[in-house]
Amino acid sequence: MTVDQDAPEESEPTPRMSSTGHAEAATMSTAMLKAMAHPLRQRILQLLRQRRHLRAADAAAELAEPANKVSFHLRVLADAGLIEEAPEKARDGRDRVWKVSEGSWSLGNAEHPVPDEALGDAVIQALVAEHYDLVRRVAAWAPEYTTGRETHVHGTFTRSSTHLTEAEFVELMAVIQKAISDAEDAHDENAPGTRAFDIDIIAADDTL
């Protein structure tokens, strides 16, 4: 599956190359897992993904949390390498603006297992909860669109069935992820009508 302050310092994971020639997601460190396993830090990360750039005060206001508490958790996320400062968005040298760090991360796989199984499970459960919330939001909107009462596209339910080998399936997921990344890179942030879209891709073969 691919997304504490006193944790020991660890070397930053580096991307690997898959057999298909695509850069694989680097396995998350224990510090990353600890940072992501906290509910408030999960909410901060989700908000940063949606807003792109945030100050601690802005995040605190949107999350209805004390600013000093949010600042602490932002530092934990930064220490883990999940977020970083965006000085280009700062008003001056004292202004601290945060953004999500670039890169793709994996919880683990057969060759590079998750470094802490309990933390990995906690992160999976958090990602599943976010997915359920996304499905709930789309399901609530869908009847408005299918009946014609809503004319704007805000989401989608899409299902495709295909027959592939495991290698072909892995390649397909890499192509889809690259298409999303390319679209993000090509997007003009100042384009009118820009919205934040959450995109979940679910797939399962007939053995599950």
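Among the residues of the stretch 90-106, is there at least one that is in a loop (DSSP other than H, G, I, E, B), at pLDDT 95 or above and open to solvent by 20 Å² or more (accessible area, probe 1.4 Å)?
So far as the stretch 90-106 goes, no, none of its residues is in a loop (DSSP other than H, G, I, E, B), at pLDDT 95 or above and open to solvent by 20 Å² or more (accessible area, probe 1.4 Å).
Scan the stretch 113-151 for residues that are hydroxyl-bearing (Ser, Thr, Tyr) and either under 15 Å from Ile201 (Cα atoms) or touching a helix residue (DSSP H, G or I) at 6+ places or on another chain (Cβ under 6 Å) (or both) and report the count.
Taking the stretch 113-151 as the starting set, the residues that turn out to be hydroxyl-bearing (Ser, Thr, Tyr) are 132, 145-147, 151.
Within this subset, residues satisfying the condition of being either under 15 Å from Ile201 (Cα atoms) or touching a helix residue (DSSP H, G or I) at 6+ places or on another chain (Cβ under 6 Å) (or both) are 132.
So the count comes out to 1.
So Asp185 clears everything in (1) over 19 Å from the mean Cα position of the chain (by Cα); (2) more than 21 Å from His131 (Cα to Cα) except one condition, right? Which one?
(1)
Pick from Ala174, Ala142: which is in contact with a Gly (Cβ under 8 Å, 6 or more places away or on another chain), surrounded by 12 or more Cβ atoms within 10 Å (Cβ to Cβ) and small (Gly, Ala, Ser)?
Values: Ala174 fails: in contact with a Gly (Cβ under 8 Å, 6 or more places away or on another chain).
Result of the check over Ala174, Ala142: Ala142.
Scanning for something open to solvent by 60 Å² or more (accessible area, probe 1.4 Å), farther than 25 Å from Leu74 by Cα and more than 20 Å from the chain's Cα centre (by Cα), does the stretch 119-138 turn up at least one residue?
No, that holds for no residue.
Starting from residues that are open to solvent by 50 Å² or more (accessible area, probe 1.4 Å) and either in contact with a strand residue (DSSP E or B) (Cβ under 9 Å, 6 or more places away or on another chain) or over 19 Å from Glu111 (Cα atoms) (or both), keep the ones in the stretch 17-48 and report whichever is modelled with the lowest pLDDT.
Step by step, filter the stretch 17-48, then rank; the result is Met17.
Among the numbered criteria (1) assigned to a loop (DSSP other than H, G, I, E, B); (2) open to solvent by less than 70 Å² (accessible area, probe 1.4 Å); (3) at pLDDT below 90; (4) on the phi < 0 side of the Ramachandran plot, which one does Val114 miss?
Result: Val114 passes all but (3).
Residues in the stretch 155-166 that are open to solvent by 90 Å² or more (accessible area, probe 1.4 Å) and part of a loop (DSSP other than H, G, I, E, B): how many?
Going through the stretch 155-166, the residues open to solvent by 90 Å² or more (accessible area, probe 1.4 Å) turn out to be 156-163, 166.
Next, only the ones that are part of a loop (DSSP other than H, G, I, E, B) stay: 156-163.
Within the stretch 155-166, residues that are open to solvent by 90 Å² or more (accessible area, probe 1.4 Å) and part of a loop (DSSP other than H, G, I, E, B) number 8.
Would you please list the contacts, defined by Cβ atoms under 9 Å and residues six or more apart or on different chains, that run from a residue in the stretch 58-72 that is within 12 Å of Arg43 (Cβ to Cβ) to a residue that is part of a loop (DSSP other than H, G, I, E, B) and not small (Gly, Ala, Ser)?
Cβ pairs passing all conditions: Ala59/Glu65; Ala60/Pro66.
Leu74 versus (1) within 25 Å of Val114 (Cβ to Cβ); (2) out of contact with any Leu (no Cβ under 8 Å at 6 or more places or on another chain); (3) at pLDDT below 95: which is the lone unmet condition?
So the condition that Leu74 fails would be (3).
Among the residues of the stretch 49-86, which ones are among the small types (Gly, Ala, Ser) and either on the phi > 0 side of the Ramachandran plot or open to solvent by 60 Å² or more (accessible area, probe 1.4 Å) (or both)?
Hits for the stretch 49-86 are Ala57, Ala61, Ala64, Gly81.
Quick one: which of Gly148, Gly120 is in a loop (DSSP other than H, G, I, E, B) and either at positive phi or not charged (D, E, K, R) (or both)? Working first, answer last.
Numbers: Gly120 fails: in a loop (DSSP other than H, G, I, E, B).
Residue meeting the stated conditions: Gly148.
Which one is nearest to Ser160 (Cα to Cα) among residues in the stretch 192-208 that are of a type outside the set (Gly, Ala, Ser) and open to solvent by less than 70 Å² (accessible area, probe 1.4 Å)? Can you show your working first?
At the first step, the residues of the stretch 192-208 found to be of a type outside the set (Gly, Ala, Ser) are 192, 194-195, 197-202, 205-208.
Next cut, open to solvent by less than 70 Å² (accessible area, probe 1.4 Å) only: 194, 198.
Values: Thr194: 27, Asp198: 19 Å.
It comes out as Asp198.
The values are calculated or read from the model by the stated rules, or taken from the named source; none is laboratory data. Every value quoted in this text rests on a predicted model; they were computed, and no experiment measured them. For neighbour counting, all protein chains shown are included, and Cβ atoms are generated from backbone atoms with ideal geometry for every residue, glycine included. Areas reflect the complete protein model, heavy atoms only, side chains present, ligands, DNA and RNA absent. Shrake-Rupley method; radii C 1.70, N 1.55, O 1.52, S 1.80 Å.
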